[in-house]
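Step one of this worksheet: look at the structure below.
Where a number appears in this text, it was derived from the coordinates with a stated rule and is not lab data. Computed from a predicted structure; not experimentally measured. Backbone-built Cβ (ideal geometry, glycine too); neighbour counts: all protein chains shown.
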Amino acid sequence: MSLERALDLARAGRAAAEAELLEELRIPSVSTLPEHRADVRRNAEWLAERYRSLGLEVSMIDVVEDGHPVLRADWCGDRRLPWLTIYGHYDVQPPDPLEEWRTSPFEPVVRDGFVYARGSSDNKGNHLAALQAARYALAAGGPPINLRFLLEGEEEVTGPSLPRYVREHASSLGTDFVLVWDGSFAADGRPQLVTGLRGLLYVEIQATGASLDLHSGGFGGNAPNPLTTLARILGELKDRRGRVTIPGFYDAVRMPDEDEMADWDRSPAYGETLRRIMGARALEGEPEYSPAERNWARPTLDVNGFVGGFTGEGKKTVIPARCRAKVSMRLVPDQDPEAILDTLRAYVQELTTPGVEVSVKALGAARPVLVSADHVGARALSAAYQAAFGQPAARLRTGGSIPVVLDLQEALGAPMMVSGLSQPGAGAHGPNEHLSLDHFHRGTEALLRLMWSLGGRMG
Amino acid sequence: MRRDGYATPMLEQVLELARVGRARAESDLFELISIPSVSALPEHREDCRRAADWLVAKFRAMGMEARLTGTGSGHPVVEAEWLGRPGAPMLTIYGHYDVQPPDPLEEWATPPFEPSVRDGCVYGRGADDNKGQHLASVIAAERWFERGGPPLNLRFLIEGEEEVSGRTLPDLVRAEARRLATDYLLIADGGFVAPGLPALLTGLRGLLYTEIEVSGPRVDLHSGVFGGVAPNPFHSLAHILAGLKDREGRVRIPGFYDDVQAPASEELEAWRGLPVGDDELRAAVGAELVGEPGFSPTERRWARPTLDVHGVVGGFTGQGAKTVIPARAKAKVSMRLVPDQDPARVLAGLRSAVASLVTPGTRAEVIELSTAPPVRLSTDHPGAVALRRAFEQAFGSPPVPVREGGSIPVTIDFQEALDTRLLVTGFGLPDDGLHSPNERMNLEQFHRAVETVIRFMHELAAL
């Protein structure tokens, strides 16, 4: 039970850990695409096999039909020791646009200390570092804490499996700490503890005009054009300044207090940093809020995809019969996704033009959540970061959503740490996603330190 | 009552040949439709060439001199000529062997390039636009050649770039105007106003086709991590597209309507008397008619300019959800133009409108994909008289003066370079599904079109 021994083993095992990471990155576990269904399961089995070989008690649970399995792996060294539950997800975002990847998304390549592949930072690099930490802790005689891993395959699709499992099996999942290990650093070298996550409402808006595609010469001027109408609707959902126009959208928004924002860089310099990371000419968004506030504490609306009509090379003079767009909203406390969905549905009906029927289909929803960082676990993680990376964690929110956080919070009721080891600008969800191998290794060390720190404190 | 005792029996003989040759004519039509000559798609390049070769072989077999011209980077023009009637007028017949892409494929009841006959119609991409239409003239000529040749001099110009507004034929016409001189030029690339009611065009709308590309961040971004600060090109594109036209259908490009000329009062009167009303148009559209307030659907279709979005693409468009803010998005947008709008001026107006609508942090570029100016056509000449008679005899009704909402870009080149009498008409029916899935040609209509052209040649020679 020596931390030093475990850290030595981690340092000696770096090459093997990298090889294992590359192996997992080769599995295209894209949960949203039906054609990758078997790959998603393969990834779960690949992880199950590894946890089993470490001596953990592993179960793969199919919670819902047509879902992706929940993977649970428990190691109980001593019933008297506290429990640390570590969350991760083995599914990844689709890799498109493929043509913008310098190397193939599922053939990981290491360049200049970074591994490039879909899922490298979100979330395989993170959960695989946790797997390594478990391996070295066990090889060093076992950590002074009991470990439980909960991995899902539906994070990227806001699926129901893990939320349902957690709520239905809360009694068997009793834990002293929950580590949601899915995130990145706040800035170069600066780890973060997340104090709030935005929620998500993801919808598809469909617009239908004529009963069939029409020639724009013969019918232009009379035929309702769903593309023009849908573009109009999308244009009207958000004004030129970036303010969402859905009635009542901002009513329930509760801004963080000054104490929560103590570590936030609300200066324009942070906006400039974001601008550089994005490679954008300027920022978009509500001008009366700082970029940090817009990023973490304000709700947003974005069009994520839009397709319809003729999109090939050259030209075709068609008035398409239908088209659709994917639109998502990031929500903040205390916005309610269901209430907003209802309002959006009614508002879209108001915005459509004669002859064009529109419908809104909900593809996923997650409520926004706040996470306290004022507890023993959060302080222990910050200290572990300090030792492994040389800096304590900043208390920040994140703009993204991890839907299951709310379920873990409500069902397990344990102090929670939401954090992650990826470097900033890792390109999660975009092409050329990459992970710093240095972060991967130091993150493993930070996790070992966390285990010993939490175990030592309470054991 | 015939003026020429010899020609009338000859005409009857040719018409009889056409009647007994219907099966042959249909099998020719099916053969041509089965060649997927999609000019917009590079993978169909060879197929376009095959369609051209098929026509050349057809013309040669009937005794016309035929060749391909302009075989550079574009698609060749099929040129066929017969000068066997010195002193008789010269008639040139235009057509195009290229077709629109067939997508969306899943909406075709039968494959687009496997012609299939149902309820008296042949279904296939190009059945109406334009294979059925120009082949009717080719078959008409063939029947005349089976009785010694047509009563006038004849030329065919059949291009392969109509659907992509290519320059091969326009350049040829302008470069070799003297060689291509002609007394009359027949363009059958339109349609009937209604079943039984042919049309003779007095004008065509022009077309300005553009692509608007908007770029935002350098790479696709996670909408959670960057939502609220990332300039979303879709946001910008939506504002642009919404801003180009108001909710009622008026185009908002500065100066867009400045040069629009109202139709002549005779035209408006003829249009009011048309047996097709809003109901027929509504049935063809399958939805409520919408458009510029203050104008009838007919005016909006023929005499008013429009703006339509034809395609939008960008971001994640697969099944399910992906929370991405895309780096770029693009839309295809075209404007139908009417006399005397100037495409260059409209394009400049569009560019300035887009520049003022783009949202902060994004950049928009307007790329001109093609341009065809609007055209006015005179129907006050002997060729129009001959065509009226031919239609009357073949279909029982003379053509009505209408305009065409679509564009036939080469019309302006013919008009300017050849200074000839243009006859722009068509043999298709309004519900043939041009550019749409399940495009079709009514076969009875096709055979009567053959008869019309046979009679037209006769009438024109007899004038």
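Each part reduced to its alpha carbon centroid, region A:408-459 and region B:192-261 end up 47 Å apart. When both bridge partners sit in the protein assembly as shown, DSSP labels roughly 70% of those beta bridges antiparallel.
Seen from every direction in turn and averaged, the convex hull around the alpha carbons of region A:1-116 projects onto 9.5 nm². Derived scalar couplings between HN and Hα for region B:202-212 equal 10, x, 10, 6, x, 9, 10, 10, 10, 10, 10 Hz in order, rounded to whole Hz, by the Karplus curve 6.51 cos²θ - 1.76 cosθ + 1.60 (θ = phi - 60°), x for Gly and Pro. Per-residue Karplus couplings for region A:19-36, computed as 6.51 cos²θ - 1.76 cosθ + 1.60 with θ equal to phi - 60°, are listed in order as 4, 5, 4, 4, 5, 5, 5, 6, 8, x, 7, 7, 6, 7, 9, x, 5, 9 Hz, Gly and Pro entered as x.
For region B:391-441, taking Cα atoms only, Rg and Dmax work out to 13.9, 38 Å respectively. Please state, as a whole number in µm²/s, the translational diffusion coefficient that the Stokes-Einstein equation yields for the protein assembly as shown at 20 °C and 1.002 mPa s, with Rh defined as the Kirkwood radius across alpha carbon pairs. Value of D from the Cα-based Kirkwood radius: 69 µm²/s. Helix A:37-53 axis versus longest C-alpha principal axis of chain A: approximately 10°, rounded to the nearest ten.
For region A:280-412, the alpha-carbon coordinates run over 63, 35, 29 Å along the three principal axes, in decreasing order. Given axes a ≥ b ≥ c from the Cα gyration tensor, I'd like to know whether region B:308-463 is rounded (a/c under 1.5), prolate (a/b larger than b/c) or oblate. Taking the square roots of the gyration eigenvalues as a ≥ b ≥ c, region B:308-463 is oblate. For chain B, the longest principal axis of the Cα atoms and the long axis of helix B:22-33 meet at an angle of about 30 degrees.
Distance from the alpha carbon centroid of region B:73-141 to that of region A:266-316 works out to 49 angstrom. Summarising the amide proton neighbourhood of B:L369: residues at separation of 5 or more, or on other chains, whose placed amide H is nearer than 5 Å comprise B:Y209, B:T210, B:E211. For the residue pairs A:K238/A:K315; A:K326/B:K332; B:K245/B:K330; A:K316/A:K361; A:K326/B:K330, the C-alpha atoms sit more than 23 angstrom apart in A:K238/A:K315; A:K316/A:K361.
Could you work out how far the C-alpha centroid of region A:59-94 sits from that of region A:342-378, in angstrom? After rounding, the separation between the Cα centres reads 28 Å. Shown for region B:362-450 is the translational diffusion coefficient from the Stokes-Einstein equation, using the Kirkwood radius over Cα pairs, a temperature of 25 °C and a viscosity of 0.890 mPa s: 154 µm²/s.
Can you bin region B:278-330 into rounded, prolate or oblate? Criterion: square roots of the alpha carbon gyration tensor eigenvalues sorted a ≥ b ≥ c, rounded for a/c under 1.5, prolate for a/b above b/c, oblate for the rest. Can you show the working numbers first?
Values: a/c = 4.41, a/b = 2.37, b/c = 1.86.
It comes out prolate by the Cα gyration axes.
Remark on B:R403: its backbone amide H falls under 5 Å from those of B:T202, a criterion applied only to residues 5 or more positions apart or on other chains, H modelled at 1.01 Å from N.
Across the alpha-carbon set of region B:358-401, the Rg to Rh ratio works out to 1.50, Rh being the Kirkwood radius.
Report relative contact order for region A:8-75 in percent, whole number only (criteria: Cα-Cα under 8 Å, sequence separation at least 6). Write down the numbers at each step before the final one.
Details: 66 pairs, mean separation 13.9, N = 68.
RCO, region A:8-75: 20 percent.
Contact order, relative form, for chain A: 26 percent (alpha carbon pairs under 8 Å, 6 or more residues apart, mean separation divided by residue count).
Whole percent per 10 Å bin, from 0 to the bin with the longest distance: what is P(r) over all C-alpha pairs of chain A? In whole percents, the pair-distance histogram is 4, 19, 29, 26, 13, 6, 2, 0, 0. Eigenvalues of the alpha-carbon gyration tensor of region B:1-121, scaled by 5 and square-rooted, set the equivalent ellipsoid semi-axes at 32, 22, 11 angstrom, largest first.
Seen from every direction in turn and averaged, the convex hull around the alpha carbons of region A:385-443 projects onto 5.2 nm².
Using R0 = 41 Å, the C-beta based FRET efficiency linking B:E106 and A:E100 works out to 0.90. Looking at region B:94-160, the GluC sites (Glu not before Pro) that sit in a DSSP loop and have at most 16 other Cβ atoms within 10 Å of their own Cβ are B:E146. Modelled spin labels at B:A348 and A:V253, positioned 7 Å past Cα toward Cβ, are 4.3 nm from each other.
Give the average over all directions of the projected area of the C-alpha convex hull of region B:120-273, one decimal, in nm². Intermediate values should be presented prior to the final figure.
Values: hull surface 71.2 nm².
Its Cα hull, projected and averaged over all orientations, spans 17.8 nm².
Suppose only helical runs count, i.e. DSSP H with n ≥ 4. What mean residue ellipticity at 222 nm does that imply for chain B under -39500 (n - 2.57) per run, divided by all residues and rounded to the nearest 500 deg cm²/dmol?
On the way: 14 runs with 156 residues, N = 463.
My calculation for chain B gives -10000 deg cm²/dmol from helical runs alone.
The phi-based Karplus calculation (6.51 cos²θ - 1.76 cosθ + 1.60; θ = phi - 60°) puts the 3J(HN,Hα) values of region B:232-242 at 8, x, 5, 4, 5, 4, 4, 5, 5, 5, 5 Hz, whole numbers, x for Gly and Pro.
Could you work out how much longer the chain between B:A57 and B:R24 gets when fully extended? Use 0.36 nm per residue separation minus the Cα distance between them, nm to one decimal. Each step should come with its number before you reach the end.
On the way: separation 33, 0.36 × 33 = 11.88 nm, distance 1.57 nm.
Extra length from B:A57 to B:R24 when fully extended: 10.3 nm.
Put simply, region A:58-112 fits an ellipsoid with semi-axes of 35, 19, 8 Å; these come from the alpha carbon gyration tensor as the roots of five times its eigenvalues, largest first.
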